[in-house]
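*Asks:* Pasting a structure here, questions to come.
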Amino acid sequence: MASFSSYIFLIILFIISVGVSEIKSIYLPGTYQSSLLVKKHDEKTKIPFKTHYFPQILDHFTFLPKSCKVFYQKYLINDQYWHKDGGGPIFVYTGNEGNIDWFAANTGFMIDIASNFNALLIFIEHRFYGDSMPFGNNSYKSAKTLGYLNSQQALADYAVLIRSLKQNLSSDSSPVVVFGGSYGGMLAAWFRLKYPHIAIGAVASSAPILQFEKITPWSSFYDAVSQDFKDASLNCYKVIKGSWAELDALSTHGDGLIKVSKLFRTCKALHSVYSARDWLWEAFVYTAMVNYPTEANFMMPLPAYPVKEMCKIIDGLPKGGSKLSKAFAAASLYYNYTQTEKCFNLEGGTDSHGLHGWDWQACTEMVMPMTCSNESMFPPSSFSYKEFSKDCKKQFGVKPRPHWITTEFGGYRIEQVLKRFGSNMIFSNGMQDPWSRGGVLKNISSSIVALVTQKGAHHVDFRSETKNDPDWLIMQRKQEVAIIEKWLEEYYNDLKQN
């Protein structure tokens, strides 16, 4: 039976028992955490946006006096190509669980197509992330403040901000299309369903809206990660699968931590063998997620098709070496592709992208059960709602609501429901991305379309175009542009008739 921290580890990574009952890290549908100790890179990506702050109210759903408290929500705007007088469209990114600048810098697709549509670009930061803190430095203080962090409040934030912005810009007739990747993609899809009078369409990339309850098999995420490595090299898969037992065996020695610290070239002596386990685990999961066809610097600087490159490292090492040492060598590609690290900090990192709020969301509404099957390259594990609930109660003083998301937004029998109810939605997924298993992979109707690529990774279609993009990625983006064009054409035709 898995402990709470195990579940959090699996929840990506989004339940291996570690004997600890406090939250150490939570892995996100959009951005996993590395205990989440993602390191800041030296280079700074310049993004062509102006920063603004919107006076947002704290609680959209009650009329208590404290509900009217105002906090300042960050948003980014680019009007370089916008034709306001012609009713040019407004493309809005529904912010994820992190700093909005980070997502803007990694969503070049919207910038690339803005000139074609004469579109205004807006990136809205999610409440309780980045600079959008309702209670300042005390925002994460307790459940009394964190209680205002949930997806419904976030969607209402976006609706209020968009309506106000359109009014201030005298652009009431401008159609809005929402975009989002991962958790942001979930929000984009849900926004279209909840606020169809505000957004005429939604592009949801790598959005695991079906990763709840028993809609998607619990082992699917880690089975998918494992399949990525198995497809690259069966030997690679077997080496990683066998490395966990070697790490466990090494940790039982009296000087086990010293040996692990030496093998992993740590900058400081380790306090727990689980730090080494997490370090390996995160490298393999993140690399599967961002197995992009070109060089990228989303989570870390990585080469094209990094899973294949990791397996080349393992397969190229002498047969006599330990599986653990080979796994370490492969994982080092993720943390040190630039060859600038002399040693590794496995403990005491910082949350440089501002993702910490996901701990709370996973303990309240975003309950995504995950397990590891015997076929996985990770150690087998199970999941218990009872244990998970117990530890969430201990950590935050609240109990999870595992059925709330499907109650609020649906999920079961989604084909039948949305076929009669929804329209104008794109669900894009790449099967290299383990989150794809919780996404919409088949067309639901003529206007709710699933674009699935076999070699695609986590919201790869949202990345900036490059001269090295493969044909399948170029075609996928062209399909998305054509569908958006159709939505806008229908909207403008309706507007003329009215």
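*Asks:* Confirm whether residue 430 is on the phi > 0 side of the Ramachandran plot, in contact with a helix residue (DSSP H, G or I) (Cβ under 8 Å, 6 or more places away or on another chain) and modelled with pLDDT of 95 or more. Even if it seems obvious, please write down each step before you answer.
*Replies:* Values: on the phi > 0 side of the Ramachandran plot: no; in contact with a helix residue (DSSP H, G or I) (Cβ under 8 Å, 6 or more places away or on another chain): yes; modelled with pLDDT of 95 or more: yes.
For residue 430, the condition - on the phi > 0 side of the Ramachandran plot, in contact with a helix residue (DSSP H, G or I) (Cβ under 8 Å, 6 or more places away or on another chain) and modelled with pLDDT of 95 or more - is not met.
*Asks:* Would you be able to tell me the number of residues in region 217-238 that are crowded, with 20+ Cβ neighbours inside 10 Å and in a loop (DSSP other than H, G, I, E, B)?
*Replies:* Total meeting the criteria: 2.
*Asks:* Which of the residues belonging to region 252-276 are closer than 17 Å to residue 326 by Cα and of a type in the set (Gly, Ala, Ser)?
*Replies:* Of everything in region 252-276, those that are closer than 17 Å to residue 326 by Cα and of a type in the set (Gly, Ala, Ser) turn out to be 261, 276.
*Asks:* Right, next: Closer than 20 Å to residue 61 by Cα, touching an Asp or Glu at 6+ places or on another chain (Cβ under 7 Å) and not acidic (Asp, Glu), is that true of residue 132? Give the steps one after another, and end with the answer.
*Replies:* Details: closer than 20 Å to residue 61 by Cα: yes; touching an Asp or Glu at 6+ places or on another chain (Cβ under 7 Å): yes; not acidic (Asp, Glu): yes.
Judged against the criteria, residue 132 is a match.
*Asks:* So residue 403 clears everything in (1) under 23 Å from the mean Cα position of the chain (by Cα); (2) within 19 Å of residue 282 (Cα to Cα); (3) open to solvent by 20 Å² or more (accessible area, probe 1.4 Å) except one condition, right? Which one?
*Replies:* (2)
*Asks:* Taking the criterion of being under 28 Å from the mean Cα position of the chain (by Cα), open to solvent by 20 Å² or more (accessible area, probe 1.4 Å) and either closer than 26 Å to residue 479 by Cα or not hydroxyl-bearing (Ser, Thr, Tyr) (or both), would at least one residue in region 178-192 satisfy it?
*Replies:* Going through region 178-192, the residues under 28 Å from the mean Cα position of the chain (by Cα) turn out to be 178-192.
Add one more test, that the residue is open to solvent by 20 Å² or more (accessible area, probe 1.4 Å), and what stays is 192.
Within this subset, residues satisfying the condition of being either closer than 26 Å to residue 479 by Cα or not hydroxyl-bearing (Ser, Thr, Tyr) (or both) are 192.
Yes.
*Asks:* Check residue 247 against each of (1) under 18 Å from the mean Cα position of the chain (by Cα); (2) of a type outside the set (Gly, Ala, Ser); (3) more than 23 Å from residue 453 (Cα to Cα) and name the one condition it does not meet.
*Replies:* The single condition residue 247 does not satisfy is (1).
*Asks:* Next question, about the same structure. Please pick out the residue among 297, 345 that is at pLDDT below 95 and in contact with a Cys (Cβ under 6 Å, 6 or more places away or on another chain). Please lay out each step first, then the result.
*Replies:* Working: 297 fails: in contact with a Cys (Cβ under 6 Å, 6 or more places away or on another chain).
Sole residue among the options that is at pLDDT below 95 and in contact with a Cys (Cβ under 6 Å, 6 or more places away or on another chain): 345.
*Asks:* Filter region 423-453 down to the residues that are open to solvent by less than 20 Å² (accessible area, probe 1.4 Å), of a type in the set (Gly, Ala, Ser) and in a loop (DSSP other than H, G, I, E, B) and list them by number.
*Replies:* 439
*Asks:* Right, next: Checking residue 91 against (1) closer than 21 Å to residue 139 by Cβ; (2) modelled with pLDDT of 95 or more, which test does it fail?
*Replies:* (1)
The values are calculated or read from the model by the stated rules, or taken from the named source; none is laboratory data. Given the structure is predicted, the values throughout are model-derived calculations rather than measurements. A quick note on method: Cβ atoms are made from the backbone with ideal geometry, for glycine too, and the neighbour counts reach across all protein chains shown. Accessible surface areas use protein heavy atoms only, side chains included; no ligands, DNA or RNA. Shrake-Rupley method; radii C 1.70, N 1.55, O 1.52, S 1.80 Å.
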